[in-house]
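Have a look at the structure below before the remarks.
The values are calculated or read from the model by the stated rules, or taken from the named source; none is laboratory data. Everything numeric in this text was worked out from a predicted model, so none of it was measured. Cβ sites come from the backbone with ideal geometry, for glycine too, and all protein chains shown count toward neighbours. With ligands, DNA and RNA removed, areas are computed over all heavy atoms of the protein, side chains included. Shrake-Rupley method; radii C 1.70, N 1.55, O 1.52, S 1.80 Å.
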Amino acid sequence: LPMKVWIILGLLMSLVVLNYFDRQTLSILKPIVKAELDFDDTAYSLLTFAFMLPYIVMYVVSGRLVERFGTRICMTVFAIGWSTANIASGLSHNFAHLAASRALLGAAEPGVFPILQRAILNWVPVERRTLAISIVTPAGNVGAILAPMLVALMTTGIGWRAAVIIPGL
């Protein structure tokens, strides 16, 4: 593959790693956030719902948006959206604000998948597309593997809010 394609694949992998990393933070920080914002497991299930409902809806919508506006514009908007959601989550001081932040995260994150596929279709030669997909797709697992350790380290050193805000930045 040409160097330009490897750079694009590297950028896509970075986005998928960050996407999955951001998604893991609340579940890792659940006991700390529940105690500080004073909510129970029932309320936590509502946070999960607040994330999942827009996530499911936006899976379909984001594909249409990518078709209409292209990968560059959509990736910029979606990445800014999920970064803003993480920063807002770290700044949350009540359950409602955290739920709204999680809903925004759920609306922004699924856009990475149609973008990833469209970028590969646009930039990778037909005979190498399956290789490209098999290289980029597991990046989500890397994010999921790195998140517990890095979020725990950041939380111990600089607090849970910073551990959510820093990846958002």
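I need the full set of residues from the stretch 96-121 which are open to solvent by 10 Å² or more (accessible area, probe 1.4 Å), within 12 Å of the chain's Cα centre (by Cα) and at pLDDT below 95, in order please.
Passing the criteria: only F113.
Can you say whether H93 is of a type outside the set (S, T, N, Q), open to solvent by 60 Å² or more (accessible area, probe 1.4 Å) and not in a helix (DSSP H, G or I), as far as the supplied structure shows?
Yes; evaluated as a whole, the condition is true for this residue.
Which members of the stretch 1-17 meet the condition of being open to solvent by 20 Å² or more (accessible area, probe 1.4 Å) and either at pLDDT 90 or above or acidic (D, E) (or both)?
Scanning the stretch 1-17 gives M3, K4, W6, I7, I8, G10, L11, M13, S14, L15, V17.
Taking the condition buried (at least 22 other Cβ atoms within 10 Å of the Cβ) and touching a residue at least 40 places away in the same chain (Cβ under 8 Å), does V124 pass?
no
With the checklist (1) open to solvent by 10 Å² or more (accessible area, probe 1.4 Å); (2) closer than 13 Å to L12 by Cβ; (3) touching a residue at least 12 places away in the same chain (Cβ under 8 Å) in hand, flag the one item L146 doesn't pass.
Of everything listed in (1) open to solvent by 10 Å² or more (accessible area, probe 1.4 Å); (2) closer than 13 Å to L12 by Cβ; (3) touching a residue at least 12 places away in the same chain (Cβ under 8 Å), L146 misses just condition (2).
Identify all residues within the stretch 149-169 that are open to solvent by less than 60 Å² (accessible area, probe 1.4 Å) and either touching a residue at least 60 places away in the same chain (Cβ under 8 Å) or not in a helix (DSSP H, G or I) (or both); write none if there are none.
Correct list: V151, A152, T155, G159, W160, R161, A162, A163, V164, I165, P167, G168.
Looking only at the stretch 42-66, count how many residues are under 13 Å from P114 (Cα atoms) and either free of Cβ contacts under 8 Å to residues at least 24 places away in the same chain or not in a helix (DSSP H, G or I) (or both).
Qualifying residue count for the region: 3.
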